[in-house]
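Data block below; observations after.
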Amino acid sequence: MSESDKIPPPRRTIAVTVAGVLLVLPAAFSALWAATIATNSYFQREFADALGPGIAPYGFLLPVGVCVVAALIFGSAGVATIRRWRGWRIWAGALAWSLIVLGVMPVFSTPPPPGADPSFDLVFSLVIIAYAVFFLVAKRRERRPNLAPVFD
């Protein structure tokens, strides 16, 4: 095999780094939203009333917990993608496909209530799908390392 026929070594692409940063943004937003719900008495009352009187004093902990879990998932996937940790392709792919499913669901759901703007749901869904497709394309374009010499 000549020098020109050899496959170039894998390089880090800027697209994967940008995709990782874009995964950290929802994590930061989710953590900020969890802190807002936990510290704002208006949100605490609203969530306590919405979830029922049985768990009224601690009704706000459910949305706070959901926001914290979302922040941990998006944050760890984003950092793993930026740093190219082992398994970053799995994290990025799983989150991208999950976002595609979540983006497509409103398109096939019930129509919006009267007076609501139906175009907002469609635009928001398309933005989420485009966001996820960018992750998949960036992941696909970065060359995988050749592990064959390691296992020979």
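Output the qualifying pairs, or none if there are none: Cβ atoms under 6 angstrom, residues six or more apart or on different chains, first residue in segment 98-124 and modelled with pLDDT of 70 or more, second residue among the charged types (D, E, K, R) and surrounded by 10 or more Cβ atoms within 10 Å (Cβ to Cβ). Correct list of pairs: 106/121. Do we find a residue being closer than 29 Å to residue 134 by Cα, touching a Gly at 6+ places or on another chain (Cβ under 9 Å) and modelled with pLDDT of 75 or more anywhere in segment 33-46? Yes: segment 33-46 contains one or more residues that are closer than 29 Å to residue 134 by Cα, touching a Gly at 6+ places or on another chain (Cβ under 9 Å) and modelled with pLDDT of 75 or more.
The values are calculated or read from the model by the stated rules, or taken from the named source; none is laboratory data. For clarity, every value in this text was computed on a predicted model and none was experimentally measured. Every residue, glycine among them, receives a Cβ derived from its backbone with ideal geometry; neighbour counts consider all protein chains shown.
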